[in-house]
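Quick notes on the structure that follows.
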Number of protein chains: 4
Amino acid sequence: MAKVVLCYSGGLDTTVCIPILREKYGFDEVVTVTVDIGQPEDEIRYAERRGEKYADKHYTIDAKKEFVNAIFMLIKANGDYEGYVLGTALARPIIAEKVVEIAKKENADAIAHGATGKGNDQLRFDNIFFQHGFRVIAPMRELNLTREWEMEYAEKHGIEIPVTKDKPWSIDENLWSRSIEGGKLEDPSYIPPEEIYEWTLSAEKTPNEPEIIEIGFEKGIPISINGEKMDGVSLIRYLNEIGGKHGVGRTDMIEDRILGLKARENYEHPAATILITAHRDLEKLVLSRRELKFKKIVEEEWAELVYYGLVNEPLFEALNAFIDKTQERVTGWVRVKIYKGSCIPLARSSDFALYKEELTSFDSLELDQRFSEGYSRFHGLQGRIYNEIKKDLKTI
Amino acid sequence: MAKVVLCYSGGLDTTVCIPILREKYGFDEVVTVTVDIGQPEDEIRYAERRGEKYADKHYTIDAKKEFVNAIFMLIKANGDYEGYVLGTALARPIIAEKVVEIAKKENADAIAHGATGKGNDQLRFDNIFFQHGFRVIAPMRELNLTREWEMEYAEKHGIEIPVTKDKPWSIDENLWSRSIEGGKLEDPSYIPPEEIYEWTLSAEKTPNEPEIIEIGFEKGIPISINGEKMDGVSLIRYLNEIGGKHGVGRTDMIEDRILGLKARENYEHPAATILITAHRDLEKLVLSRRELKFKKIVEEEWAELVYYGLVNEPLFEALNAFIDKTQERVTGWVRVKIYKGSCIPLARSSDFALYKEELTSFDSLELDQRFSEGYSRFHGLQGRIYNEIKKDLKTI
Amino acid sequence: MAKVVLCYSGGLDTTVCIPILREKYGFDEVVTVTVDIGQPEDEIRYAERRGEKYADKHYTIDAKKEFVNAIFMLIKANGDYEGYVLGTALARPIIAEKVVEIAKKENADAIAHGATGKGNDQLRFDNIFFQHGFRVIAPMRELNLTREWEMEYAEKHGIEIPVTKDKPWSIDENLWSRSIEGGKLEDPSYIPPEEIYEWTLSAEKTPNEPEIIEIGFEKGIPISINGEKMDGVSLIRYLNEIGGKHGVGRTDMIEDRILGLKARENYEHPAATILITAHRDLEKLVLSRRELKFKKIVEEEWAELVYYGLVNEPLFEALNAFIDKTQERVTGWVRVKIYKGSCIPLARSSDFALYKEELTSFDSLELDQRFSEGYSRFHGLQGRIYNEIKKDLKTI
Amino acid sequence: MAKVVLCYSGGLDTTVCIPILREKYGFDEVVTVTVDIGQPEDEIRYAERRGEKYADKHYTIDAKKEFVNAIFMLIKANGDYEGYVLGTALARPIIAEKVVEIAKKENADAIAHGATGKGNDQLRFDNIFFQHGFRVIAPMRELNLTREWEMEYAEKHGIEIPVTKDKPWSIDENLWSRSIEGGKLEDPSYIPPEEIYEWTLSAEKTPNEPEIIEIGFEKGIPISINGEKMDGVSLIRYLNEIGGKHGVGRTDMIEDRILGLKARENYEHPAATILITAHRDLEKLVLSRRELKFKKIVEEEWAELVYYGLVNEPLFEALNAFIDKTQERVTGWVRVKIYKGSCIPLARSSDFALYKEELTSFDSLELDQRFSEGYSRFHGLQGRIYNEIKKDLKTI
């Protein structure tokens, strides 16, 4: 009795995998698992109905809490891979871990996923499945299926074909971001049509009054909006809504995939834009110059690990330890103005501000302007010696 | 016959320095120098009239060309110090070098400047003046003068006091940016009033139609707008105007000054925002992932050197060599949409794109999806071994 | 009743400071403090006798334990500033904190130290003293005293002049390293005479038999020699002795001081060389490639902070958090061979080794050689696309 | 008429590839190419004889000059991957490019190499062969051959089996380094026997008199020994000989291979140790602190690219541009003492030294000790503010 657990979204690809796993791979039992990381409710219900109908057994697992915790770490790290807010990348290992839990519980012989051999997700999924010692089956990657073949095969197996408007792009959506790629968008010089966006209004259609929002942070984590405490899921959903209404949080970019291919990607992420803008602003008030400069290098590495799906790499834990230490003081509030697609910090405050007004205005006795001359004598000293030598030798 | 050359802006501070240099420092001759780095024309003329009137001799030097060259390097480096576009920082050493030229020509015994002991400019000026072996005099830093004393002293010496509207903040302006600091703005939680801005309209007052602009780049340098070739000064002035009209290019931030004090700064810089947004976008199409990742570290260091006024540090030349090498291929165009304060890239193209549509869509024979599985087996291998050990030992 | 606490070594400089603090600075009471950070016992006793004789009150404080803890952190960080093992740099803030404790206990009005204005120690001391709000007095820096003046002044005040062999260099010594600088050594092209070394024999005079030593580590900290557990002070002293006997641990280098001056420095540090060689070797067995690569960047920054005396900078805590996380698994042993000045790792073992013999020899079923081809197809992909474009366009 | 060019060493593996390429892959013509990158002369002659005997055509190509140029760049970069001097890694792409030249000249249909699927060389070779659009054949990787099978197959095809002493390790040797791996050495805790070393004497057997060698550098490149100009090949060979005689240049380490496996490696490289020790020492005299610190980050990345065989990655060119810029002043000499396995710098000199004796001893008028106090007031300022806040709030 061979059993396989299938990472299941309810779409055509993963649904045709069910009979494929039986027919082409010889499994006796196919168990589908849909993991809720904040995608639209009706998508989850749809997957649930279809899993229950076509597979031998179906699980729907709520991982929103785990995902929000990961997002909180991402905010502390100002998570940004070449400009991308890392929504899908961050979710994959969480989904994979949940699927592994079911596979263990079900004593499954293998885990299957519907990712192709072109993208990043196969690598993010495989990494976690391999780690737990599972055989991995990726029919899309292994069989090179076309959409036409899939539709025919679905019909043959009595699988209802999703009546989606025929969208020429591929979408992935969770609590943190919505990505749109493929089709004509693959041409970097093609200006994307408005219809690809669902979370954000075009700036032309947004309200004519700006909104000022105050985000409260505690140890780097957003905890309140306009003074009102909110749990993570609600806070992010609220900002996605209000930010989207003001056209905030669109990215159109060229991105380097893990395998080394460049791809044009479009993203929507109102909450991510607002929260990271605010978080960065608060950090500038609280962290020392040396912390800010070095943390950027840490952030660059952190984002790469997340994008690559390498959250089980030991370096990831060490980077998190660094980041967490810096965030102990990132407590305070930031006011941002969102309007017609832009999000600008206007004011901020923290008990931990390294800012001292009396020092900046130099009125204190502690620092006398004359000390600056002493400082100035040494500032740039080596550069001056260098130029003197250069002048003398005239040979460099 | 002791002679001093004074770095001259025409304002109250540097004008009272003229009699001070005679009376308190005993110079027989004071030569004023005003350097044109793109500040408003009438400011330069005003400085010129007053220099000619109050000093023994006056020079007005045009350094716009040198400044534009420095700005071009800054664009290649995506110049950004903690969010600041580095306008004033970049201009100071250029001004200083021009003043040194005059000081040498005039056989001056010393160079004077009007910077205080609180800020960055004293260090940027001193560094260049010291390098050329000049004695540096900084009356504001050395004598701790108050505005009241200065006004009285000016009156006593027949110096006309500039009838500026009594602005409670201090302004610095050149081709690349306009900075506003001081007064109430020093409180990070104070929301700045609209009146501090002169280059940019408030997004609420900008046109209701967005503008799409195409920037052409050659080797990292912007050379055309909407297909029309433009010289650097004109191109930057044009983008400042049109960007400002659409409310693009405002920064409100906490900044770490060289001496280690944090300060709240406000900036305007429409052209800088548009050009760097476009430049970064084009780089993502053309540079390899490894170049993009490492160049960020180089940029961080580059920006620090410029902010610190250390452009004569040998590291600066080496960073520039790195950057120039990467820019050889940054040729192409980017279309950005500016609207109501936001600036978003929409499309881009380059003959040097590392992007290959046929690879991304994986239709080529060259890359087969099955290869991805081989890749996947090694991707994250060490992280998996680490987790296996961790599980076995249960002690980490 | 003005009281000053003096950071006291017992030498001529700090001893003449006692009457100077009374006569030139007007203090009524001078309290001397000598901090034991592992310098030779007789040096401490000598300072004690003289402090008790010439000052109003004397304290000897044992800080060896605090210093060993700091050294343990340094080992985890492979502490190395341009090749220097950081002994003096690491000790200064610890000494300063102990002096501050006494100053607080004694209700002192100021703290004095004997550092000149040329070196690093003034900055390391001042930083801690300023932090605790003390007025700092540095007579050597402020009064520009010469040795002749000091000797005459000492005689006048009945201070016995130390009968040291007239060494033309200045020495600093503690548990971790011994530094020699000054005099003829200042010339980088001068080959130092053997007599400057006291901890290490010249390789020509060391035993003709090598010694193999096994160092045991637990979480990055050395805990045993040849299987025998030892406390930190004993372990370091033992390795200093045996390493010195074999001529291990000499450094002759040009170093960049904090103020930007380059200086020629000579150091001895047998234990440091042995421990860091062994620690680095063990890390290569246990840490992942990504950890090793990124930790080097962290170490570079860590060493700079220690050298600059900036251990109270918040970045230092964050770097330590990173390092500590990586060290949780650095448990195991390393065998090194020390002989005639060299120290070479020969063998190592750890339960946490990321090394898996069956993977390296590829006999396991888990990894098949054919997977490597898949990997190879993507390895370097962007570089190949780059070269193809380069060839096509012939313009780069 | 299918033709294949085979990268040929003359050993058993690549020799059995000749009939394999005919029989199993169906090639009509096999052309062997041996590239001389400084391996022992008799090895090259041996390969030549066997190539001429068993293949249809043989080429021996001298690439020593190209290899020396690459080594010169490596010296400027202080080339070091986790402690490895990168000899084999640096040679592979040069060999590959030469083989490509022949393959193009011969109009070959494919290129074959004898690397297995376990190591690094397959990836370094493939990368260059793929870049030039060649089909790559790697029989060892594809057919999973055992030594027994190979010997039987050789006999069957009349191939003389090399009568090597049955060495249980695998060797690679060129001008820059000799590597030994495999067999019992795979166990990290196994102390390697003396017999694995051929270039270096055991320190116990070296002369009892040390040798002091002066290396002259010009723009970062070694050009003379003890004042006598030498070409690259001769200079490196001379230092390998004399260094080996004194036991200098052994490495025993755990290394992270490209695929992510850790492996124990042993290396010999006397010239590399001497030259890089001297080069680093000279750099400390000449480069600014900021250059030294940042160059370390550049070197880390440079070494990774070389180890990975990614010298055709555009980042490599940019890193080289950075490095070359810093090396313009690395001209001067260094004296090192080599003795019983150790190599220690004793003295150094350069016209471009950033060292100024008069500054260090602070006797010049230019720098007064009092200025240091001014510097000290700002040094560490943010760390002090941080600690003050920490104390006040008692919550961090």
Practice task
Kindly provide the set of residues from segment D:246-277 that are at positive phi and either of a type in the set (A, V, I, L, M) or surrounded by fewer than 24 Cβ atoms within 10 Å (Cβ to Cβ) (or both), ordered by number.
Solution key: D:260
Handout entry: Condition broken by residue C:136, with the remaining ones in (1) closer than 26 Å to residue C:256 by Cα; (2) in contact with a Lys or Arg (Cβ under 6 Å, 6 or more places away or on another chain); (3) surrounded by fewer than 22 Cβ atoms within 10 Å (Cβ to Cβ) satisfied
Key = (2)
Exercise for the section: For segment C:203-233, enumerate the residues that are of a type outside the set (D, E, K, R) and at positive phi. Expected result: C:220, C:226, C:227
Fill in the blank from the handout: Per the filter on segment D:306-324, residues more than 12 Å from residue D:73 (Cα to Cα), free of Cβ contacts under 8 Å to residues at least 60 places away in the same chain and facing chain C (nearest Cβ under 9 Å) are D:313, D:314, D:315
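Would you check if residue C:152 is closer than 16 Å to residue C:57 by Cβ and either assigned by TED's automatic domain parsing to the domain that holds residue C:89 or among the hydrophobic types (A, V, I, L, M, F, W, C) (or both)? Spell out the reasoning first.
Working: closer than 16 Å to residue C:57 by Cβ: no; either assigned by TED's automatic domain parsing to the domain that holds residue C:89 or among the hydrophobic types (A, V, I, L, M, F, W, C) (or both): yes.
Judged against the criteria, residue C:152 is not a match.
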Problem - Matching residues, segment D:189-203, being in contact (Cβ under 8 Å) with a residue 40 or more places away in the chain and in a helix (DSSP H, G or I) - result: D:196, D:203
Practice task
Can you run down the residue pairs with Cβ atoms below 8 Å, 6 or more apart or on separate chains, where the first is in segment C:219-230 and within 19 Å of residue C:273 (Cβ to Cβ) and the partner is exposed (fewer than 15 other Cβ atoms within 10 Å of the Cβ) and among the basic types (Lys, Arg)?
Solution key: C:223/C:229
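Going by what's in this entry, would residue C:76 be described as farther than 24 Å from residue C:275 by Cβ and either touching a residue at least 24 places away in the same chain (Cβ under 8 Å) or among the aromatic types (Phe, Trp, Tyr) (or both)? Before the answer, list the steps.
Details: farther than 24 Å from residue C:275 by Cβ: no; either touching a residue at least 24 places away in the same chain (Cβ under 8 Å) or among the aromatic types (Phe, Trp, Tyr) (or both): yes.
Answer is no for this residue.
Suppose the filter is facing another protein chain (nearest Cβ under 9 Å), free of Cβ contacts under 8 Å to residues at least 60 places away in the same chain, aliphatic (A, V, I, L, M) and closer than 19 Å to residue A:379 by Cα; does residue B:115 pass it? Let's see the steps before the verdict.
Values: facing another protein chain (nearest Cβ under 9 Å): no; free of Cβ contacts under 8 Å to residues at least 60 places away in the same chain: yes; aliphatic (A, V, I, L, M): yes; closer than 19 Å to residue A:379 by Cα: yes.
No.
Sort out which residues of segment D:70-109 are farther than 27 Å from residue D:249 by Cα and either within 14 Å of chain C (Cβ to nearest Cβ) or basic (Lys, Arg) (or both), and write them in order of number.
Filtering segment D:70-109 for residues farther than 27 Å from residue D:249 by Cα gives D:96-109.
Passing the criteria: D:96, D:97, D:98, D:100, D:104, D:105.
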Practice task
Those residues that are within 7 Å of another protein chain (Cβ to nearest Cβ) and of a type in the set (D, E, K, R), I need them from segment B:282-301; list them, please.
Solution key: B:284, B:289, B:290, B:291, B:293, B:296, B:300, B:301
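Go through segment A:111-188 and tell me which helices (runs of 4 or more DSSP H), entirely inside it, have 1 or more residues that are among the β-branched types (Val, Ile, Thr) and modelled with pLDDT under 95.
Working: elements: A:121-131, A:139-143, A:147-156.
Filter on segment A:111-188 gives an empty set.
Please find, among B:159, B:180, the residue that is surrounded by 13 or more Cβ atoms within 10 Å (Cβ to Cβ) and more than 22 Å from residue B:122 (Cβ to Cβ). Show your work before the answer.
Working: B:180 fails: more than 22 Å from residue B:122 (Cβ to Cβ).
After applying the criteria, what remains is B:159.
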Practice task
Scan segment C:167-183 and give yes if some residue there is within 28 Å of residue D:204 (Cβ to Cβ), assigned by TED's automatic domain parsing to the domain that holds residue C:254 and touching a residue at least 12 places away in the same chain (Cβ under 8 Å), otherwise no.
Solution key: no
Problem - Subset tally (residues that are of a type in the set (S, T, N, Q), at the interface with chain C (Cβ under 10 Å from one of its Cβ atoms) and surrounded by fewer than 24 Cβ atoms within 10 Å (Cβ to Cβ)) for segment D:325-342 - result: 0
Practice task
Give the residues of segment D:47-71 that are surrounded by fewer than 19 Cβ atoms within 10 Å (Cβ to Cβ) and either under 14 Å from residue D:306 (Cβ atoms) or at pLDDT below 95 (or both), sorted by residue number.
Solution key: D:69
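In contact (Cβ under 8 Å) with a residue 60 or more places away in the chain, of a type in the set (Phe, Trp, Tyr) and within 30 Å of residue D:377 (Cα to Cα): does that describe residue C:125? Let's see the steps before the verdict.
Working: in contact (Cβ under 8 Å) with a residue 60 or more places away in the chain: yes; of a type in the set (Phe, Trp, Tyr): yes; within 30 Å of residue D:377 (Cα to Cα): yes.
In short, yes.
Does residue B:33 satisfy the condition of being touching a residue at least 60 places away in the same chain (Cβ under 8 Å), in a strand (DSSP E or B) and either farther than 30 Å from residue B:300 by Cα or more than 25 Å from the chain's Cα centre (by Cα) (or both)?
Working: touching a residue at least 60 places away in the same chain (Cβ under 8 Å): yes; in a strand (DSSP E or B): yes; either farther than 30 Å from residue B:300 by Cα or more than 25 Å from the chain's Cα centre (by Cα) (or both): yes.
So residue B:33 passes the test.
Look through B:260, B:182, B:247 and report the one residue that is among the small types (Gly, Ala, Ser) and in contact with an Asp or Glu (Cβ under 9 Å, 6 or more places away or on another chain).
Numbers: B:260 fails: in contact with an Asp or Glu (Cβ under 9 Å, 6 or more places away or on another chain); B:182 fails: in contact with an Asp or Glu (Cβ under 9 Å, 6 or more places away or on another chain).
Checking each option against the conditions leaves just B:247.
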Exercise for the section: Inspect all residues belonging to segment C:97-108 and state whether any of them is assigned to a strand (DSSP E or B) and closer than 27 Å to residue C:314 by Cβ. Expected result: no
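Mind listing whichever residues of segment D:132-148 are within 10 Å of another protein chain (Cβ to nearest Cβ) and charged (D, E, K, R)? If you could, list the steps in order and put the result at the bottom.
Within segment D:132-148, the first condition is being within 10 Å of another protein chain (Cβ to nearest Cβ), and the residues that meet it are D:132-133, D:136, D:138, D:140-144.
Result: D:141, D:142.
Answer yes or no: is there a residue in segment D:358-373 that is part of a helix (DSSP H, G or I), crowded, with 23+ Cβ neighbours inside 10 Å and within 22 Å of the chain's Cα centre (by Cα). Show your work before the answer.
If we filter segment D:358-373 for residues that are part of a helix (DSSP H, G or I), which is where we start, we get D:358-360, D:369-373.
Keeping just the survivors that are crowded, with 23+ Cβ neighbours inside 10 Å gives D:372.
Okay, now just the ones that are also within 22 Å of the chain's Cα centre (by Cα), so none.
Within segment D:358-373, none of the residues are part of a helix (DSSP H, G or I), crowded, with 23+ Cβ neighbours inside 10 Å and within 22 Å of the chain's Cα centre (by Cα).
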Problem - Check on residue A:26, part of a loop (DSSP other than H, G, I, E, B), touching a residue at least 12 places away in the same chain (Cβ under 8 Å) and either farther than 19 Å from residue A:135 by Cβ or of a type outside the set (A, V, I, L, M) (or both) - result: yes
Completion exercise
Residue pairs within 7 Å by beta carbon, gap of at least six or interchain, first lying in segment A:93-109 and assigned by TED's automatic domain parsing to the domain that holds residue A:70, second of a type in the set (Asp, Glu), listed first then second, are A:94/A:66
Exercise for the section: Search segment C:207-231 for residues being surrounded by 14 or more Cβ atoms within 10 Å (Cβ to Cβ) and out of contact with any strand residue (DSSP E or B) (no Cβ under 8 Å at 6 or more places or on another chain), and hand back the single one that is nearest to residue C:42 (Cα to Cα). Expected result: C:221
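Report yes if residue A:357 is more than 8 Å from chain B (Cβ to nearest Cβ) and either under 30 Å from residue C:259 (Cα atoms) or modelled with pLDDT under 95 (or both), otherwise no.
Details: more than 8 Å from chain B (Cβ to nearest Cβ): no; either under 30 Å from residue C:259 (Cα atoms) or modelled with pLDDT under 95 (or both): yes.
No; evaluated as a whole, the condition is false for this residue.
The values are calculated or read from the model by the stated rules, or taken from the named source; none is laboratory data. All figures in this text were calculated on a predicted structure; none of them were measured in a lab. Glycine also receives a Cβ, built like all others from the backbone with ideal geometry; neighbour counts cover every protein chain displayed.
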